[in-house]
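Just below is one structure, and these are the notes that go with it.
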Amino acid sequence: VVSASGMRLKLGGFEFSLQGLTDLGKGSHNWKLSMSVKSLLDLPIPPDMLPPGKWFGGLQGEAQVYQEPGQPMTLISSFKTLNFGGDVAMKTEAYSVAGRLLSEISWNVRYQNEVLAAKDIKVSVNADALQVEAPPYFRKTKGDKFAIDVEGYVADDILVVKSKRIQLNQLNLDFSSSVGLKDKMLAAIRVNLKRTPLKGLEKLFPPLSK
């Protein structure tokens, strides 16, 4: 028998808690890895996986793997952000991004009998206060509206994603897609740009003013 209780692991600036038990004689396993961050500002080391900037808010997630004797292994995972956001500061030769970004992300995933299922996948982004420049083609200033609200799920190994809102100033998009996770040939994507007045787009796309 192999077991652990309250074991602490550090990865990418985050601290995880590991607990579980493996009975080699019976061929059974039950392990849980969990993470709970009340405030990213309290972390001694900024998370490696996030873009440069000052990030705030919390994260909560866990993953559980279990297997009964003679049965296939099952994986269950959940994750959500808590008032998550950051003051981003990125700059390269091709583009620059600066300002506040707010986001909420959540999912519940289950993998069992070689079938992936997920419900309540949600991604919400508010980047109104973000300034993005990719000269000479694109320029979004602070205050230009930029919001994304997307929901999705996985059933029968098919990922379905639908947009509730994708907005960049007066541009409004409807987006939906169905993608086979096993059958890569199974895919359907629909993008609809709502009728949009062209006046003012040159502010976002400077080449249009020429």
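Can you tell me which of Gln167, Gln131, Gln71 moves the most in a GNM of the chain? Springs connect C-alpha atoms under 10 Å apart.
Among Gln167, Gln131, Gln71, the largest mean-square fluctuation in the Gaussian network model of the chain belongs to Gln71.
Counting just the Cα atoms, what span does the stretch 20-68 cover along each of its three principal axes? Round to the nearest Å and put the largest first.
49, 17, 15
Cross-link partners among aspartates and glutamates for Lys210, C-alpha distance below 19 Å, same-chain residues fewer than 8 apart left out?
Glu133, Glu202
Could you work out, for the chain, what percent of all Cα-Cα pairs fall into each 10 Å distance bin, beginning at 0 Å and stopping at the bin that holds the largest distance?
Calculated over all Cα pairs of the chain, the distribution is 7, 23, 28, 25, 11, 4, 1, 0 percent.
Calculate the all-directions average of the projected area of the stretch 69-186's alpha-carbon convex hull, and give it in nm².
Result: 10.3 nm².
In the chain, if the dipole is taken from +1 on Lys/Arg beta carbons and -1 on Asp/Glu beta carbons about the Cα centre, which of Gly20, Met35, Gly70 is farthest to the positive end?
Value: Met35.
Find the accessible area per residue for the stretch 152-203; the probe is 1.4 Å, ligands and nucleic acids are left out, and the unit is Å².
71 Å²
Give me the tail of P(r) for the stretch 77-144 as a percent: Cα-Cα pairs with distance above 16 Å.
61 percent
Say the cut-off is 26 Å between C-alpha atoms; which of Lys10/Lys164; Lys54/Lys142; Lys80/Lys203 go over it?
Lys10/Lys164; Lys80/Lys203
Which of the GluC sites (Glu not before Pro) found in the stretch 20-113 are in a DSSP loop and have at most 12 neighbouring Cβ atoms, other than their own, within 10 Å?
When the GluC sites (Glu not before Pro) of the stretch 20-113 are filtered for loop state and at most 12 Cβ neighbours within 10 Å, Glu93 remain.
May I ask for the Rg/Rh ratio of the stretch 1-105, computed from Cα atoms with Rh as the Kirkwood radius, given to two decimals? List each step's numbers first, then the result.
Details: Rg = 18.2 Å, Rh = 16.0 Å.
That ratio equals 1.14.
So how exposed is Ser96, as accessible area in Å² (1.4 Å probe, rounded to 10)?
The accessible area of Ser96 comes to roughly 30 Å².
Rank these by accessible area, largest first, 1.4 Å probe: Asp87, Asp157.
Asp87, Asp157
The values are calculated or read from the model by the stated rules, or taken from the named source; none is laboratory data. Bear in mind the structure is a predicted one, so any value in this text is a computation, not a measurement. A quick note on method: Cβ atoms are made from the backbone with ideal geometry, for glycine too, and the neighbour counts reach across all protein chains shown. In case anyone asks, the SASA skips ligands and DNA or RNA and just uses the protein heavy atoms, side chains included. Shrake-Rupley method; radii C 1.70, N 1.55, O 1.52, S 1.80 Å.
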